[in-house]
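The next block holds one structure in the form of structure tokens; read it before the comments.
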Amino acid sequence: MSEERYYFQSEAAELLKMMISSVYSNKDIFLRELISNASDALDKRRIECLKDSELAENENPEIKIAADADAKTLTVSDNGIGMTRDELINYLGTIAKSGTKEFLKAAKDSNTQSELIGQFGVGFYSVFMVADKVEVVSRKLGTGETFRFESDGDGSYTISEAEQRSECGTTITLHLRQSDDEGAKNYADEWTVRSIIEKYSDFISWPIVFKDSTINSRKAIWQRPDSEITEEEYTEFYKHLTHDWRDPLTHIKINAEGSTNFKGLLFIPSEAPFDLFMNPEAGGISLYINRVFIMNDCKDLIAGYMRFIRGVVDSEDLPLNISREILQDEPIIRVIRRSTQRKVFAELKKLLASDREKYIKFWTAFGRVFKEGIMQDSEHAKNILELALFRTTANDEWTTLAEYESRMKDGQEGVYCLAGRDNLSALRASPKLEEFVNKGYEVLLMTDPVDEVILNQAAWVLPEDVKKLINIASDKVSAYTEDEKKANDEKLKESESEFEPLKKIAMEILGDKLESVRPSLTLTNSPACLKDSAGGMSLRMENMLRAAGQNPPVQKRVLELNVNHPVVRKLLKMAEAGDERAGDIVKVLYEQSMILEGAVPEDAAGFVKRINELMTLALKDG
Ligand code: ADP
């Protein structure tokens, strides 16, 4: 086969370009990425050999590094699983990662590109920060062909047949760039290479051989006593494990001894990966058995709503040949899962008490996922709620439920909550808040989609000793006392006959959408407010279900009209006089209320027409 030229998938090409011009200051990490990939390849080969007895065991697994200062090359070589011709094209010529498009868009628009690069983890492509030409020669385990991938990062690469490697594995040769930058490191220099490996890759369990000697200690970091390990070592290990270039927020060590023995080293990342919500596969915990790597992302080791946690668990009690399929039913795994869960709760509790700023970072990144646990895990729903942070009408800070409770008014029967809108400032402007804020109550503002579900289900998910979460969007919830309500009702009775004509018109037009139209004395600034009828679904929830392809029953709501508002006062008169424009105006009030709920009026064109007619009228004399 002669040489064939291919073009990088367009997203890969863009990422490459970004690497070449990268101003990312820590270029050293390209070597960590290559060694990480080599280490993964050795893991994969070992696992393949376990599965298939036809394959010969790797007798001398190693990662070899060679530097040639004269030729200005650096070579990283492994005898791991290797890649076929197609795999070279698929793995190196394309980026399969979900979220790539979003990343590239964000990176293009941003002047914090290098931070974003860290968030995305560019892996193999990072070599183009230091090399202007890269050769990859690889032979896949169990095949007899060796292929060469070659690229100078200009948007294309070539694939050709190469001289047979004696063993499967991969050799990557970097032709280092001549940098114009005076302070730039020479990556073909022996001491530079040595110090980078010592710094970033010491804990790699396979030997890293340089100049005929193994230069990494190969000690599993989770097996060493905490006192021996520096924060920097933890950080480097995290980066190796996750391909995240940023420092983790915190680490959690577990040393369980007793009926089940295992060690764990878990990390909370500092920011959510791009694909946290799109790709449930991202993240997770790697399982080791007696220091031998078994699998990545072992879901059974940690609760689903803690899936953002990364790390390793190393068990002494499991058999080495355990398979993914039986893990779930393995009692030891269940014990480990309970134990990691308990430990994570305890650490988060500590963090919340000791470092609010860091905790807020955690919550901002992962709170949305963590909260899913309230529904999924009734046993720990209370723990999760205690760890939750909320926005509030009381101030611009985050608050915990306990803090809210400490500010609650005497006799307040529960925690007032309002969910809706992704946008906090829009939620703060909701007319539903008026009566509560006027009455001096604090309301928690919940902007995540999952909050709607929590509020809906809180009544039966939460244990009895948790303060009731009260959804103020319901038409049955009021900030007024029974006496005040009675007094209000009395007052409203007086104007009942005045309200009747308007009510009739409104129900004629909106009867298919509204359960009722009611006069209100509790609204102060807004003319109207759309409430959910008790037990009904919110507009947003209804829309979310529709977007998810479901078909929820149409929910009828309650439209409250502020009888003290000048618009409504005028409207009452118009209705009484039989003015037919009253219908249009009441419709606009309904449509406005929908917009404030974050929904688009069903008849948007009609809405615009009605507004324009009103403006024409208003401007007529001006
Ligand atoms: P990541 O490692 O995050 O998946 P990379 O860009 O570093 O992304 O690598 C892409 C893929 O190329 C890897 O997932 C792996 O399948 C393959 N690969 C890279 N280096 C090697 C290697 N030394 N041996 C075998 N496969 C490799």
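The values are calculated or read from the model by the stated rules, or taken from the named source; none is laboratory data. Everything numeric here is computed off the predicted structure, so don't read it as measured data. Cβ atoms come from the backbone with ideal geometry, glycine included; neighbour counts cover every protein chain shown. Ligands, DNA and RNA are excluded from the accessible area calculation, which covers all protein heavy atoms including side chains. Shrake-Rupley method; radii C 1.70, N 1.55, O 1.52, S 1.80 Å.
Observations
- Förster-model FRET efficiency, 35 Å R0, A429 and K350, C-beta, rounded to 0.05: 0.40
- Evaluated over the chain, the Cα radius of gyration and Dmax, each in Å: 31.4, 100
- Taking every alpha-carbon pair under 8 Å whose residues sit at least 6 apart, the chain reaches a relative contact order of 9 percent.
- Under the convention that each Lys and Arg Cβ holds +1 and each Asp and Glu Cβ holds -1, the size of the dipole of the chain around its Cα centre is about 1180 debye.
- For region 221-356, the solvent-accessible area works out to 44 Å² per residue, with a probe of 1.4 Å and every protein chain left in place.
- Gained length - K409 relative to M507, 0.36 nm times residue gap less alpha-carbon distance: 31.5 nm
- Computed over protein heavy atoms with a 1.4 Å probe, the carbon and sulfur contribution to the accessible area of region 482-621 reaches 54%.
- Computed as a quarter of the hull surface, the mean projected area of the alpha carbon convex hull for region 501-603 stands at 6.5 nm².
- A 1.4 Å probe run over region 482-621, with the rest of the protein chains in place, finds 56 Å² accessible per residue.
- Region 221-356: Cα Rg divided by the 2.2 N^0.38 Å rule of thumb: 1.01
- The base-10 log of I(q)/I(0) for region 322-430, evaluated at q = 0.15, 0.19 Å⁻¹, reads -0.79, -1.12 [Debye formula, identical scatterers on Cα atoms, solvent excluded].
- Database remark: amide H of N216 closer than 5 angstrom to the amide H of I208 (H placed geometrically; neighbours at sequence offset of 5 or more, or on other chains; Pro and chain starts carry no H).
- Computed Kirkwood radius, in angstrom, where 1/r is averaged over Cα pairs of region 372-471: 13.8
- DSSP beta bridge pairing in the chain, given as percent antiparallel to the nearest 5: 75
- Of all accessible heavy-atom area on region 353-480, the percent that carbon and sulfur account for (1.4 Å): 44
- Extension gain for the segment E161 to E145, taken as residue separation times 0.36 nm less the Cα-Cα distance, is 5.0 nm to one decimal.
- Each of Y200, Q178, G123 was placed along the dipole of region 4-214 (beta-carbon charges, centred on the mean Cα), and the one lying farthest toward the positive end is G123.
- Translational diffusion of region 47-106, estimated by Stokes-Einstein from the Kirkwood radius over alpha carbon pairs at 37 °C in a medium of 0.692 mPa s, is 214 µm² per second.
- Model label sites at E48 and K108, defined 7 Å from Cα along the beta-carbon direction, differ in position by 3.7 nm.
- Extension gain for D448 to K211 (0.36 nm times residue separation, less C-alpha to C-alpha distance): 79.8 nm.
- Calculated diffusion of region 4-214, Stokes-Einstein form, Kirkwood radius summed over Cα pairs, 37 °C and 0.692 mPa s, µm²/s: 184
- Net charge dipole, region 337-382: roughly 120 debye, given to the nearest 20, about the Cα centre with Cβ charges of +1 for Lys and Arg and -1 for Asp and Glu.
- Table column - 3J(HN,Hα) (Hz), region 227-240, Karplus curve with 6.51, -1.76, 1.60, x for Gly and Pro: 5, 8, 9, 8, 4, 5, 5, 4, 4, 5, 5, 4, 5, 4
- When only the Cβ of Lys, Arg, Asp and Glu is charged (+1, +1, -1, -1), the dipole of region 221-356 relative to its Cα centre reaches about 460 debye.
- Positive end of the dipole of region 4-214 (Cβ unit charges, origin at the Cα centre): among A12, L34, G142, the Cα lying farthest that way belongs to A12.
- Taking the accessible area of region 4-214, probe 1.4 Å, and keeping the other protein chains in place, the carbon and sulfur fraction comes to 45%.
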